[in-house]
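Notes for the one structure printed next.
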Amino acid sequence: MVTRTSDGRLVRRPLSPHAGIYRWPITMVASILNRITAVALSVGSLLLVWWLVGAAEGPAAFAHVQSFVASPIGLLLLLGWTASLFYHLFAGLRHLAWDLGYGFAKPTLNPVSWAVLGLTVLATAGVWVAAYAEMGG
Amino acid sequence: MAPQKPERILVMRSQLGRARGLGAAHAGAEHWWAERVTALALVPLTVWFVISVLSLLGADQPVVAAWAGRPLNAALLLALVGITFHHTQLGLQVVYEDYIDSITLRHALVLATKGLCLLLALTAAVAVIKMSITLPGAVPGAPVH
């Protein structure tokens, strides 16, 4: 970057690299994922309302909801919804721990970020395996 | 003659308040606190809901409606939708405040979101209440006249 010194001479100064060139630390990924899953769940909450309204309205309306959920797009949305729910749940618990003052130590930040991701994968897989088994495999 | 009123009042604070430099409402933490309290409540409610849905998998409408209509389930569902949408609108407001520069657009989105969340919560609540109120002797899920 070219600027002027205090006596007016032009000088080339070093410029710190733009944020875009850094490799994302896992803490940054964990942080933004919490917000992304939050927004996804906000949209996904429509499914909860639709499911309840369908159940309240009667067999035809409920069958309509069920057929959408069982469709390829419905299943994909439900998978994203489940993963988002578990991520936001575990990351939310982490936030509550932070609010109590725990978990800020440097050595714990990275492992806990990975643990939140790992728990999300495990819980999501667990629910879907259980669902698959219950539906008769 | 009284001083002329401006076309639009831009600062709705008293001159004394401005001069003193005060004006905090002494109430800034409610939003932050409500977000945490609703989050805490949603932990057990969400776990309960996921387990319940798993147990209802593939069930027909009368079974689901009868399940949702049982008093404890209905109460938990009402708590779930009420607290979920309260938490949702609190959280989305922060997202707007972080990323949207235009005050007009930000306020419009916040208000629209709050309104939509209220309507969705009410719709879900009415559905749950409908399933929980059946006439004496009525078969759950059967048409009520």
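The values are calculated or read from the model by the stated rules, or taken from the named source; none is laboratory data. Here the structure is a predicted model, which is why all the values come from computation and not from measurement. Ideal geometry is used to build each Cβ from the backbone, glycine not excepted, and the neighbour counts take in all protein chains shown.
Table: residues versus (1) charged (D, E, K, R); (2) at pLDDT 95 or above; (3) in a helix (DSSP H, G or I).
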{"position": "B:His86", "(1), (2), (3)": "no, yes, yes"}
{"position": "B:Leu92", "(1), (2), (3)": "no, yes, yes"}
{"position": "B:Leu109", "(1), (2), (3)": "no, yes, yes"}
{"position": "B:Lys114", "(1), (2), (3)": "yes, yes, yes"}
{"position": "B:Val128", "(1), (2), (3)": "no, yes, yes"}
{"position": "B:Thr134", "(1), (2), (3)": "no, no, no"}
{"position": "B:Val139", "(1), (2), (3)": "no, no, no"}
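If I filter region A:88-111 for residues that are crowded, with 17+ Cβ neighbours inside 10 Å, of a type in the set (D, E, K, R) and within 24 Å of B:Thr88 (Cα to Cα), do I get at least one hit?
yes
What residue, of A:Gly8, A:Gly103, A:Gly20, is more than 26 Å from B:Leu118 (Cα to Cα), at pLDDT below 95, in contact with a helix residue (DSSP H, G or I) (Cβ under 8 Å, 6 or more places away or on another chain) and not basic (Lys, Arg)? Don't jump to the end; show me each part of the working.
Details: A:Gly8 fails: in contact with a helix residue (DSSP H, G or I) (Cβ under 8 Å, 6 or more places away or on another chain); A:Gly20 fails: in contact with a helix residue (DSSP H, G or I) (Cβ under 8 Å, 6 or more places away or on another chain).
None of the other options fit; the residue is A:Gly103.
Going by the conditions given, is B:Ala59 more than 9 Å from chain A (Cβ to nearest Cβ), farther than 18 Å from A:Gln66 by Cβ and crowded, with 16+ Cβ neighbours inside 10 Å? Break it down into steps so the answer makes sense when it comes.
On the way: more than 9 Å from chain A (Cβ to nearest Cβ): yes; farther than 18 Å from A:Gln66 by Cβ: no; crowded, with 16+ Cβ neighbours inside 10 Å: yes.
It is false that B:Ala59 is more than 9 Å from chain A (Cβ to nearest Cβ), farther than 18 Å from A:Gln66 by Cβ and crowded, with 16+ Cβ neighbours inside 10 Å.
Could you please tell me which pairs satisfy a Cβ distance under 8 Å, a separation of 6+ or placement on different chains, a first residue in region B:105-120 that is within 14 Å of chain A (Cβ to nearest Cβ), and a second residue that is part of a helix (DSSP H, G or I) and among the aromatic types (Phe, Trp, Tyr)?
If the second residue must be part of a helix (DSSP H, G or I) and among the aromatic types (Phe, Trp, Tyr), the pairs left are B:Leu109/B:Tyr96; B:Val110/B:Tyr96; B:Thr113/B:Tyr96; B:Cys117/B:Phe85; B:Leu118/B:Phe85; B:Leu120/B:Phe85.
So, B:Leu122, is that one exposed (fewer than 15 other Cβ atoms within 10 Å of the Cβ) and not in a helix (DSSP H, G or I) or not? Before the answer, list the steps.
Details: exposed (fewer than 15 other Cβ atoms within 10 Å of the Cβ): yes; not in a helix (DSSP H, G or I): no.
No: the conditions fail for B:Leu122.
May I ask you to verify whether B:Asp101 is within 26 Å of A:Gly126 (Cα to Cα), modelled with pLDDT under 95 and not small (Gly, Ala, Ser)? Please lay out each step first, then the result.
On the way: within 26 Å of A:Gly126 (Cα to Cα): no; modelled with pLDDT under 95: yes; not small (Gly, Ala, Ser): yes.
So B:Asp101 does not fit the description; no.
For region A:101-122, which positions are among the hydrophobic types (A, V, I, L, M, F, W, C), in contact (Cβ under 8 Å) with a residue 40 or more places away in the chain and under 17 Å from A:Thr37 (Cα atoms)?
Once the filter is applied, which keeps residues that are among the hydrophobic types (A, V, I, L, M, F, W, C), in contact (Cβ under 8 Å) with a residue 40 or more places away in the chain and under 17 Å from A:Thr37 (Cα atoms), region A:101-122 yields A:Trp114, A:Val116, A:Leu117.
With respect to A:Val121, determine if the residue is of a type outside the set (S, T, N, Q) and within 17 Å of the chain's Cα centre (by Cα). Spell out the reasoning first.
Values: of a type outside the set (S, T, N, Q): yes; within 17 Å of the chain's Cα centre (by Cα): yes.
Considered against the rule, which asks whether it is of a type outside the set (S, T, N, Q) and within 17 Å of the chain's Cα centre (by Cα), A:Val121 comes out as yes.
Count, please, the residues in region B:38-56 that happen to be more than 9 Å from every other protein chain (Cβ to nearest Cβ) and in contact (Cβ under 8 Å) with a residue 12 or more places away in the chain.
The number of residues fulfilling the criteria is 5.
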